[in-house]
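Chemist: Take a look at the following structure, please.
The values are calculated or read from the model by the stated rules, or taken from the named source; none is laboratory data. A quick note: this is a predicted structure, and the numbers were derived from the prediction, not measured. Every residue, glycine among them, receives a Cβ derived from its backbone with ideal geometry; neighbour counts consider all protein chains shown. In case anyone asks, the SASA skips ligands and DNA or RNA and just uses the protein heavy atoms, side chains included. Shrake-Rupley method; radii C 1.70, N 1.55, O 1.52, S 1.80 Å.
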Amino acid sequence: MKKSRLWAGLVALLLVFVTTGCANNASKTSSADYNTLMSQGKDYVDDQNYSKAEDKFEQAHQIKATKESKAYADQAEDMNDAKDSISDYEFGAALKDLNKAQTKNNGYAVMTKQAKKLYNTIDEVNNNIKNEINPLYRKAKNAYKNNDYSETEELCNQILDLPYLNGKYAKYYKQIKSDVKDLLNDAQDAAGDSDSSSSKKSNSNNSSEDTNSNEDAQTSSKNSSSSNQASSSNNGNSMTVGGQAVTARVIAQVREKLGSIGVNTSSWTDQDVANFMNSAAQNGHTTIDSYTQSDANNFTK
């Protein structure tokens with residue numbers, strides 16, 4: 001009986017040792033896995049791969065829920081969200097996430113330092129866009145809306161000439177720079193179309209004005225001619241007889257005829273000869289052969 005009890009006690013004691021040993025081994029294994037996952041998470045932080053870092057810290061927290069594992073996982077999540085916002089050029093949202101990351105209690109020191117550095121960069125970029133670029137850009141868009149393409153181009157070029165747009169933080173200005181270039185191109189195209197249209201309109205107006213001017217000149221010339229003809233006819237200064245122009249050959253023939261009947265026309269001008277012919281026509285003498293001395297006597301120069 002005593003021997004049986006002794007064996008039972010030994011078995012019980014052995015079970016205690018085995019159970020304790022297994023528990024200690026499990027604890028050691030869990031601690032090793034936790035440390036491994038936390039170390040892997042930190043490596044991803046060094047590479048700024050915050051998505052994978054967050055995943056490792058969360059896995060570590062499931063094994064051993066510590067303040068550090070929780071804080072590290074939350075901090076990595078904030079950093080990852082900030083990077084996504086920056087990629088979408090949503091700098092205001094990024095600054096909020098970065099501020100949470102850099103002020104995280106029990107956070108990972110390396111990640112805290114990264115958050116502070118990136119916060120300062122994005123804050124500078126955001127201030128430049130908000131306080132300098134956007135006011136000029138709004139003016140440029142209003143100028144374009146009002147068809148003031150010259151002003152639009154000037155404002156866009158003023159933005160594009162800002163030195164920090166091509167500085168070390170150039171990648172953060174990529175979107176706004178692209179928007180400004182698009183507006184500049186639109187203004188240049190619109191100005192070109194406007195100039196072309198104005199040129200065509202001007203040419204059309206000039207052509208129309210020239211045509212009207214020519215028509216007016218022609219009308220004026222015709223009126224002047226008609227007036228002069230009437231005046232000349234009334235004053236005996238028309239080089240036409242019976243509506244027909246008097247040629248040099250006819251003038252010479254008339255002079256010859258008058259000379260044959262004793263009329264000296266050496267002092268007569270060609271206009272005098274034409275006037276004589278009109279005077280003779282009033283007497284019914286419309287041909288050169290019909291001219292008489294009487295016609296010459298009746299003609300007064």
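Chemist: Given a 1.4 angstrom probe, what's the average accessible area per residue across segment 257-301, in square angstrom? Don't skip to the end; give the middle numbers.
Modeler: Details: 2430 Å² over 45 residues.
That works out to 54 Å² per residue.
Chemist: Picking from GLN114, ALA93, VAL125, whose Cα lies most toward the positive end of the charge dipole for segment 91-134 (charges on Cβ: Lys, Arg +1; Asp, Glu -1)?
Modeler: GLN114
Chemist: For MET239, what charge total do you get from the other residues with a beta carbon under 14 Å from its beta carbon, if Lys and Arg give +1 and Asp and Glu give -1?
Modeler: On the way: positive: ARG249; negative: ASP270, ASP272.
Summing Lys and Arg as +1 and Asp and Glu as -1 gives -1.
Chemist: Given LYS70/LYS171; LYS52/LYS100; LYS52/LYS104; LYS139/LYS181; LYS117/LYS181; LYS130/LYS168, which pairs have Cα atoms separated by over 21 Å? Don't skip to the end; give the middle numbers.
Modeler: On the way: LYS70/LYS171 33 Å; LYS52/LYS100 19 Å; LYS52/LYS104 19 Å; LYS139/LYS181 15 Å; LYS117/LYS181 30 Å; LYS130/LYS168 19 Å.
As for pairs spanning more than 21 Å Cα to Cα, those are LYS70/LYS171; LYS117/LYS181.
Chemist: In Å², and per residue, what accessible area does segment 70-200 have when probed at 1.4 Å with the other protein chains present? Mind dumping the intermediate values first?
Modeler: Numbers: 7410 Å² over 131 residues.
Accessible surface, normalised per residue, equals 57 Å².
Chemist: Rounded to the nearest angstrom and ordered from largest down, what semi-axes does the equivalent ellipsoid of segment 22-146 get from its C-alpha gyration tensor (root of 5λ)?
Modeler: Numbers: eigenvalues 349, 26, 18 Å².
Here the semi-axes work out to 42, 11, 9 Å.
Chemist: Using amide H atoms built in the peptide plane, which far-off residues or other-chain residues are under 5 Å from VAL241 H to H?
Modeler: VAL246
Chemist: Could you tell me whether segment 75-140 comes out rounded, prolate or oblate from its Cα gyration tensor? Rule is a ≥ b ≥ c as square roots of the eigenvalues, rounded for a/c under 1.5, then prolate if a/b exceeds b/c, otherwise oblate. Display every interim value, and only then the final one.
Modeler: Working: a/c = 3.64, a/b = 2.48, b/c = 1.47.
Prolate.
Chemist: What aspartates and glutamates does LYS141 reach when the alpha-carbon gap must be under 13 Å and sequence neighbours fewer than 8 apart in one chain are set aside?
Modeler: List returned: GLU151, GLU153, GLU154, ASP179, ASP182, ASP186.
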